[in-house]
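Taking it in order: structure first as structure tokens, then the write-up.
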Amino acid sequence: PRSNTVEDEMHIAFFFFFTPPITGAELVPIQFLQELSSLDKDNHYSIFLSQEHRDIIGHDAPNLNVITYDDIWSNSIGSILWHQLLLPLAVRRYNIDVLYTVQNRIPVIKNCPQIVSVLDLADCRVERKYDALRNIYRTLLFKTVVPRADRVVTISESSGRDIEEFLHIPEERIDVIHLGVGDEYFADVTKQVARQYVATRLHLPNRYILYVGAIEHP
């Protein structure tokens, strides 16, 4: 455990669950943590990761620490048990001042201020998006645990309105942080060249629909 040597320094920890392939739900907090720990030199950051994913951050900022746990907790059921039973203990052990969790990985036991990232509430908008058991679990978390968070972060005004409507969280506790654009994903070419390259590579017709997201539960 890190000992506090600077009076005003805070220890901010991140926790979210990886299920390959990595999608936006994981990519957003990864890059957020990378940028935040680079920009903020006054506080200390940690992230809880399974041994399997310990190198996924790819970042060696001196104020960023990776805390690993055994891979036996890295499946869906194990993850639920870990973040509901062991994460609160780890928060106390590592002297965490603020815990940042993502979507449905929120511990019921709250022993420090919590920031929760909710990318969307498709569960509430799309009927039977998940199987019955998962729907019950996620609904309970969203309805009972998310409203207890000190701040809720989302990525669009639309999702912000859904959080107000379905979870009855006041607007002043919701922070809309729009997504940025990573330079590593874009080459320095014109739109026309890029469009032609993609169309040729993927054998696309003249008219097509681009959907950016994971079709996980059709």
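Annotations for the structure displayed:
- Across the range 82-91, computed HN-Hα scalar couplings (Karplus, 6.51 cos²θ - 1.76 cosθ + 1.60, θ = phi - 60°) run 5, 6, 8, 10, 8, 4, x, 5, 5, 4 Hz from first to last residue, x flagging Gly and Pro.
- In the chain, the portion of solvent-accessible area held by carbon and sulfur atoms comes to 56 percent [1.4 Å probe, whole percent, DNA, RNA and ligands not counted].
- Between Asp60 and Ile136, full extension at 0.36 nm per residue minus the direct alpha carbon distance yields a gain of 23.5 nm.
- With a Förster radius of 35 Å applied to the C-beta separation of Arg128 and Ser38, the computed FRET efficiency comes to 0.25.
- Computed from the C-beta positions of Asp70 and His178, the FRET efficiency with R₀ = 35 Å rounds to 0.45.
- Helix-only [θ]222 nm of the chain, DSSP H runs n ≥ 4, -39500 (n - 2.57) each, per residue, nearest 500: -8500 deg cm²/dmol
- Using a simple spin-label model with pseudo-atoms 7 Å out from Cα toward Cβ, Leu89 and Arg207 lie 6.0 nm apart.
- Taking 18 Å as the straight-line reach from the Cα of Lys143, the lysines in range (excluding those fewer than 8 positions away in the same chain) are Lys110, Lys129.
- For Glu172, the accessible area of its heavy atoms, probed at 1.4 Å with every protein chain present, is near 130 square angstrom.
- In the context of the full set of protein chains, residues of the chain present 63 Å² of accessible surface per residue (probe radius 1.4 Å, heavy atoms only).
The values are calculated or read from the model by the stated rules, or taken from the named source; none is laboratory data. What you are looking at is a predicted structure, and each value in this text was computed from that prediction instead of being measured. Reconstructed Cβ throughout: ideal geometry from the backbone, glycine too, with neighbour counts over all protein chains shown. Just so you know, the surface numbers come from the protein's heavy atoms only, side chains and all, with ligands and any DNA or RNA stripped out. Shrake-Rupley method; radii C 1.70, N 1.55, O 1.52, S 1.80 Å.
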